[in-house]
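Encoded as structure tokens, the structure appears first; notes follow it.
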Amino acid sequence: MRTDVYERITNQIVAELEKGVRPWLKPWSGEHAAGRITRPLRANGIPYRGINVVMLWSAAMEKGYAAPIWITFKQAKELGASVRKGEQGSLVVYADKITRRETDVDTGEESERQIPFMKGYTVFNVEQVEGLPPHFYAKAEPPTEPVERIERAETFFAATRANVIHGGNRACYVPSTDNIHMPCIDLFRNAISYYATLGHETIHWTRHPSRLDRDFGRKRFGDEGYAVEELVAELGSAFLSADLELTPDIRDDHAAYIGSWIKVLKNDKRAIFTAAAHAQRAADFLHGLQCRATAEAAAA
């Protein structure tokens, strides 16, 4: 039996998790001119979203690609380039719908029903392709900005207006009070780790009923709904880190969730797609708050 797209991708991610690797965390600083860290990019520079981010980060880590740009065989050919012989592509997916016309056997009335489906196609990293225009291979300039107190991250999280209480040694979001609790930045090994942790908790903050009203049927600490929410926060934080050009350290305290994520993914081949979609929605929500803050500042 042919393995479907959902099962194929889920099996790939479970295999990474079973090795103790979280494929949504990029443990390197990219050497490409497109940025020290970035979401995977299409040939036209538009970033991939949702599950495709996870899949292409995973492929890049496995094969050691520094370039974040991915291209189809046809696109390479149209640019006068060619994929090197023997190179294996990577899977990406897109969602679509087919319309089916049905006739009611009792009334004879016709109706249309839309059926969603997931379709996959193959892309290649530009490091697998020869003859592309030079900008596809351009190296990054050495970073010049200081590591501490990164202004773009400070501005981004301030614009959310989430209530962040600093103090203590535990990072968490408390739904009952709608507060994020964070240790002071000086307690983190570096500023980037602080912002990545704040991103994780701010993704949790979006689950409040007044925002995205995300639940997953959580009933107690450590149950399946809890594991899925933690997976959403992990993915969402990774997406935000990419958008803010941050390369976070891997948090040891989240390693304990790997077993529960494996269980969730093995029980439901669509769970990683659901988690990635919710993570993308949460990141989009937070980016939307930036627009509000900018508009209010302009009107003031």
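Quick look at the values:
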quantity: Residue within the stretch 111-128 that is within 19 Å of Gly45 (Cβ to Cβ) and polar (S, T, N, Q) present; calculated: yes
quantity: Residue check, Glu201 outside any loop (DSSP other than H, G, I, E, B) and either assigned by TED's automatic domain parsing to the domain that holds Phe273 or surrounded by fewer than 17 Cβ atoms within 10 Å (Cβ to Cβ) (or both); calculated: yes
quantity: Counted residues, the stretch 267-283 - those being over 18 Å from Trp57 (Cα atoms) and either aromatic (Phe, Trp, Tyr) or loosely packed, with under 14 Cβ neighbours inside 10 Å (or both); calculated: 1
quantity: Qualifying positions in the stretch 267-285 - in a helix (DSSP H, G or I) and either without any contact (Cβ under 8 Å) to a residue 40 or more places away in the chain or out of contact with any helix residue (DSSP H, G or I) (no Cβ under 6 Å at 6 or more places or on another chain) (or both); calculated: Asn267, Thr274, Ala277, Gln280, Arg281, Asp284, Phe285
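The values are calculated or read from the model by the stated rules, or taken from the named source; none is laboratory data. Please read all numbers here as calculations on a predicted model, not as lab measurements. Positions of Cβ are generated from backbone atoms using ideal geometry, with glycine treated the same way; all protein chains shown enter the neighbour counts.
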